[in-house]
Amino acid sequence: MADTTVRPMTAADAERVLAIYQAGLDDGNASFEITAPTWATFDTTRLSAHRFVAVDPEGEVLGWIAVSPTSTRAVYAGVVEHSVYVDPAAQGRGVARLLLAALIASTEAAGIWTIQSGVFPENTASLTLHQRVGFRVIGVRERVGRHHDRWRDVVLLERRSPTVS
């Protein structure tokens with residue numbers, strides 16, 4: 001991935017970010033959502049300081065990562081939930097790992113002590129990647145929601161910062 005760089009996400013990336021998001025949703029193992037939001041909704045629900053894209057040498061967006069606050073309560077100010085999506089054509093090339101590294105650096109610099117995520121158990125590549133970069137499985141929320149007319153489990157993962165306390 002020496003030719004891939006990570007930079008902050010901007011509004012100019014909106015079309016590509018949302019297309020990659022939709023491709024992940026279409027795969028069926030990324031989220032309970034079935035349609036990517038509008039850019040306005042995406043923009044207002046994710047923390048602007050912790051949104052990144054991975055780009056190839058021509059500037060084409062290959063993947064993105066972003067966080068949302070888990071709660072508006074002050075005691076949870078250091079806890080965020082993240083999403084990471086990679087273009088199907090770029091999967092298996094280390095893009096998500098680069099994005100996670102950038103996110104971890106960014107959130108720790110901002111004093112965020114916990115990054116969490118929910119992953120469908122069938123998404124074994126995502127589970128493996130998260131564990132390799134320091135996330136641990138907290139548990140499985142069994143039959144927590146319906147997706148395409150069937151109940152789905154969600155594996156709850158978290159990464160606690162070793163430097164932010």
Selection within the range 37-53 - of a type in the set (Lys, Arg) and open to solvent by less than 30 Å² (accessible area, probe 1.4 Å): ARG51
Qualifying residue in the range 86-102 (condition: assigned to a strand (DSSP E or B), open to solvent by less than 60 Å² (accessible area, probe 1.4 Å) and out of contact with any His (no Cβ under 9 Å at 6 or more places or on another chain)): yes
From the options ARG73, ARG46, ARG16, residue that is under 15 Å from the mean Cα position of the chain (by Cα) and charged (D, E, K, R): ARG46
All positions within the range 135-155 that are open to solvent by 60 Å² or more (accessible area, probe 1.4 Å) and either charged (D, E, K, R) or at pLDDT 95 or above (or both): ARG136, VAL137, ILE138, VAL140, ARG141, GLU142, ARG143, ARG146, ASP149, ARG150, TRP151
Residues (outside any loop (DSSP other than H, G, I, E, B) and open to solvent by 20 Å² or more (accessible area, probe 1.4 Å)) located in the range 54-77: SER68, PRO69, ALA74, VAL75, TYR76
VAL80 vs. criteria touching a His at 6+ places or on another chain (Cβ under 8 Å), surrounded by 17 or more Cβ atoms within 10 Å (Cβ to Cβ) and free of Cβ contacts under 8 Å to residues at least 40 places away in the same chain: yes
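The values are calculated or read from the model by the stated rules, or taken from the named source; none is laboratory data. Everything quoted here is computed from the prediction, not taken from an experiment. Cβ atoms come from the backbone with ideal geometry, glycine included; neighbour counts cover every protein chain shown. For accessibility, only protein heavy atoms count, side chains too; no ligands or nucleic acids. Shrake-Rupley method; radii C 1.70, N 1.55, O 1.52, S 1.80 Å.
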